Each structure stands twice: as C-alpha cells, then as structure tokens.
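Structure first, commentary second.
The values are calculated or read from the model by the stated rules, or taken from the named source; none is laboratory data. The shown structure was predicted, so the numbers you read here are calculated from the model rather than taken from an experiment. Positions of Cβ are generated from backbone atoms using ideal geometry, with glycine treated the same way; all protein chains shown enter the neighbour counts.
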Amino acid sequence: MGAPVLEIDGLRKSFGGVTAVNGVSLTLEAGRIYGLIGPNGSGKTTLFNCITGLERRDAGRVLFQGVRIDGLPPHRIARMGIGRTFQIIRVFPELTALENLLVVTSGDRAAAERRAQELLAFVRLDRLKDEYAGNLSYGQQKLLEFARVLMRDPMLVLLDEPAAGVNRTLLNELLDAVRALRDQGKTIFLVEHDMKVVMGLCELVFVLDHGEKIAEGPPGVIQADERVIEAYFGR
Amino acid sequence: MKRAALLLLAALGLALTVYPLYGTGYGVRAMLQLFMWVALAGSWNLISGLTGYVSFGHVAFFGVGAYTGAILIVRAGWPWPAAAVAGGLAGILLALAIGWPCLRLKGPYFAIAMLGLNEVLRALVSYFEGLTGGGSGLSLPTLDATFPIYYAMGGLAAAVTGVTYLVLTSRFGLRLMTIREDEVAAEAMGIDTFRHKLLAFVLSAVAPGIAGALAARDQGYIEPISVFPLATTITMIVMVLFGGKGTVWGPVLGAVALFVAQEAVWARYPYVHPLLFGAIIVAVVLLMPRGVLGLLQLRYRLPRAI
C-alpha cells in the first residue's frame, strides 16, 4: 500500500462558458476505497470522463501508475488498467450477459469463457448468462456492468453511482464485492449520492463543488466540514 | 441439427453447381443476378448490420470495381478473372482511403458522407473520358462467359456468407456489435472502435468490388449511371433490413425474397415495382425493424450462427 496509483494535477475542463472541473488535484493510493461526492453538476462525472479519456481535458495532468494518460484515447486507458461503470447503465442490450463480458477480451476463448462464467457467478447472474442484457432488470444490468469492468482485471475501478437503483440485498453483495477487490490490492474510486454507502465504505472522501475540490478527508471529518454542509444545503 | 444444416447446405451447393447444365438461359442469368445481390447485401450487412454505421453509398465499391475491371480488360487486355481480383483490391483501397477520415464521423454524418462519395465518384468517372469513356460508357470486347461468371459470382456469394458466419461467431463480430449497441461503452471497455470499424469497412468493400468487375464483364457495357445508382445501395439495405441485419442468413433470405418478388412483379407490372419496394421499406421499418431472422433470433434465442 501507499504507492500512488492515480495522480491528478490541476485538471481543468470547460464546456463552452461552463467550467465543469476547475483545477482539481488529488492522489489515489493502491488498495484503498475512495469516494467522490458533491451536489449535482459539481463535476464528478466530468472528472471521471477526463480520467478515462472520454472527455479531453483543457489543462492539467493525469498520471496512472506514474505514466501520463491524459490525451490517450479511452480504449488505451482501459487497457492500461482503468475500468469504469456509468451513471446511466451502458450494457450492450442486444448481446447476452455472457457476450457482454466476452467482448472485452481477446486471446484464448476458452479461458475467457471460464473467467466470464466465474464473474457472472460472482454477481449471481450465472443463470441468466444467455439472456439478452436488455432483458435484465435495472439492478441486474448494474451488476452485469460491474462484472464487465472486472473482465480486464483493472488496477483502478471507477464506479459512477453504483448504489443507485439497486435493492438492499443486491447492494450489500455489491459492497462486499467492492471490499473484496480492495483486499486484492485494487483501488476503487466511486461517485455516490447515498451517504450511508459512502460513509460505510470509503476510507477517504473528496468533495467537489462547482468543479473545485473543497474538502478531502475521512468520512467522519467530511460530514462535519462546514464548507461541505454549505455546498449541499446552502448557507 | 448441425449435421442436418450442413447436409442441406451441401445439397444446395450441389444443386446450384449443376444448375447451369439443366437450367434455361434466363434461369442461369437470373441466378447470377441473385448471387450478386446475396454478395452485395451480405457485404453491406458486414459494416452496417453489425456496427450500425449505415453506408448509404455502398454501391460506390461496386462501381469502382466495375470500372477497374472494365478498364483493365479493355485498355490492358487483362483476362476477366484477374480483372475481378483487381476490382476487389480497388474496393479495399477505396475503403481505406474513405474509411480513414469518414469512420471518425458518427452515425448520420457517416451515412451522408458515403452518399456524397458515390456522387463524387460518378462525376469523376464521367469527367475522365480518356480512361473511362465518360458519359458514353465503356464497351467490353464480346465474350460469352456466362457460365464461368455464374460460378465466380456464386462462389463470391458463398464466400461472403461464409465470412459473415466466421465474423458473427467470433469475438471480433461481437465487438463490432458493441459499436452498434454503445460505442462509448465499447471504447471505455478497451475496444479500439475505430480499428474495428475500419476492418469491417474494408471487409465489406471487397465483394462489391469483385462483383462490380464480374458484372461489367457479364454485361459487356458500363456507364456511370449503370454502375453507381443509388437504387442499388437502397436495394442492398432493404434486403438486409427485411432478412435481418446482423445475422448470417438474413441478407441471403432478404436477397432471395426481394429478388424473386422483383422478377415476378417487375415483369408483369413495371409501374407497381417501385411502389411495392417503397411499401416493403415502410412495412419492415414499422412492423419488424429487426427483419425476419432478427425477430426470430430475439424471440426464440437462436444462436448467432443463424
């Protein structure tokens, strides 16, 4: 533990006149779970998009395991070991659950199928492996997306609102799965509105407001931080 | 099940192989046309049915193949089989040159760019009269090669269908479908979507190039309007949409169904033909956007190999 996995330095991104991310710097270390919170429109998803290459940053640097990744296309960044899920589910609806995982890999197909089956069992979708992803329930699609991210065995996993719309039973399984990943030495960075989830899971929380990082610290400290309360509830 | 399907395919192949020995002249020519449509529809399916990038100018590859083949035969005295191979190569080169910039365009912009490409090529061919004969066309030396061209076109149709089968049952094919399903998610999962699109595009340009050269040899005369018609692209699209995009046998089914309908109706009621065609387009889009096989596949969970 302790080695920086992701270093963001002065990241800036605007859309037209709106500055979505304004000079954010933060560092994530290996084997820990980080949270990213902030009011709607505070730049959380844009920050994720800049890390994964889906948006091109205007300024700043992003280093993954010491290598600059800002400016690389998304598929290169994914292959280096950063996986993500989306706030609005993006499974491949007309591919089966199993195929959704298989497309991620190349090389030995038998091995890929074995791994996909294991991951589907891990998120308890093995019975539904031949079902079209579009026919799965919302919660199941969320789990499928999570399993799909794990196909590449990424070092860093970005989860955009993993708890939203997932029932309690599924959620507890998902949270256990996230902790299991952490115990394997992976780093998890998640955006979440459910404060119970954030407080129960994350070791360190970053708070964004209007594209700026206004606080960073353990959950207990963050909850009591005046600026955070102000950002959420107003003065 | 699989064995029965293979036996059926073998029987069909055998029947089509011996057909020219027993069929009428009209019958052989009609089958040759049908083979061409199977090859064209199957090719369009490879790029547009799988990736969702609608190529509205796919006939451009056919036209370029036709002119490449015809020019090599007329001006350089090439034998037609070599000219057909050159037609396929011309298709590949054009696909690379056009795909490189245009496949970075999303959805509708790509469709429009392809439509424009076809018009540009038609104008270019008309302009370079010295080489292409311009608007007055290009006549090929007379040669009765209907039988060998029948087999060449039949082989081409079989090859396109075989390649589609291989692609669709591979992870490469599934990855092409992820582009259709959600290109952003595909990129974020580490799929190099541009490279996949370009490969599929090049693959989809080979058979139309060869078919163009074969058709030029078969017809003995080509002109810009006859080898770059938008209607040919539309026909490919309707065939695939009717049969089922993204399936192996959908383009074949669509080609057979529409070609038979066309021959049967066109011969008797030439004015009803465009009307019927339009009606089919509207009906397919409204009632079964996945086409016959796509619908069956989704409803009965048929394997990708269908």
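One table, with the values for the structure above:
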quantity	calculated
Criterion: touching an Asp or Glu at 6+ places or on another chain (Cβ under 7 Å), crowded, with 16+ Cβ neighbours inside 10 Å and modelled with pLDDT of 90 or more - qualifying residue of A:189, A:206	A:206
Subset of the range B:169-192 (residues that are of a type outside the set (Asp, Glu), surrounded by 21 or more Cβ atoms within 10 Å (Cβ to Cβ) and at the interface with chain A (Cβ under 9 Å from one of its Cβ atoms))	B:174, B:175, B:177, B:178, B:185, B:186, B:188, B:189, B:190, B:191
Helices (runs of 4 or more DSSP H) (entirely within the range B:1-99) containing at least 2 residues that are touching a strand residue (DSSP E or B) at 6+ places or on another chain (Cβ under 9 Å) and among the β-branched types (Val, Ile, Thr)	B:59-76
Counted residues, the range A:87-102 - those being facing another protein chain (nearest Cβ under 7 Å) and within 20 Å of the chain's Cα centre (by Cα)	2
Complete set of residues in the range B:280-296 that are modelled with pLDDT of 85 or more and in a helix (DSSP H, G or I)	B:282, B:283, B:286, B:287, B:291, B:292, B:293, B:294, B:295, B:296
Residue in the range B:194-216 that is surrounded by 24 or more Cβ atoms within 10 Å (Cβ to Cβ) and among the β-branched types (Val, Ile, Thr) present	yes
Residue within the range A:92-99 that is under 22 Å from residue A:187 (Cβ atoms) and among the acidic types (Asp, Glu) present	no
Strands (runs of 3 or more DSSP E) wholly inside the range A:1-40 containing at least 2 residues that are in contact (Cβ under 8 Å) with a residue 40 or more places away in the chain and closer than 16 Å to residue A:56 by Cα	A:4-15, A:18-29
All positions within the range A:62-98 that are touching a residue at least 24 places away in the same chain (Cβ under 8 Å), not β-branched (Val, Ile, Thr) and not in a loop (DSSP other than H, G, I, E, B)	A:63, A:64, A:78, A:79, A:83, A:84, A:97, A:98
Of the criteria (1) at pLDDT below 95; (2) more than 14 Å from chain B (Cβ to nearest Cβ); (3) surrounded by fewer than 17 Cβ atoms within 10 Å (Cβ to Cβ), which one residue A:63 fails	(1)
Filtered residues of the range B:103-135 (kept if at pLDDT below 85 and polar (S, T, N, Q))	none
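Here's the yes/no breakdown for (1) without any contact (Cβ under 8 Å) to a residue 60 or more places away in the chain; (2) within 14 Å of chain B (Cβ to nearest Cβ); (3) of a type outside the set (Asp, Glu):
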{"site": "A:109", "(1), (2), (3)": "yes, yes, yes"}
{"site": "A:113", "(1), (2), (3)": "yes, yes, no"}
{"site": "A:128", "(1), (2), (3)": "yes, yes, yes"}
{"site": "A:138", "(1), (2), (3)": "yes, no, yes"}
{"site": "A:173", "(1), (2), (3)": "yes, no, no"}
{"site": "A:192", "(1), (2), (3)": "no, no, no"}
{"site": "A:199", "(1), (2), (3)": "yes, no, yes"}
{"site": "A:206", "(1), (2), (3)": "no, no, yes"}
{"site": "A:211", "(1), (2), (3)": "no, no, yes"}
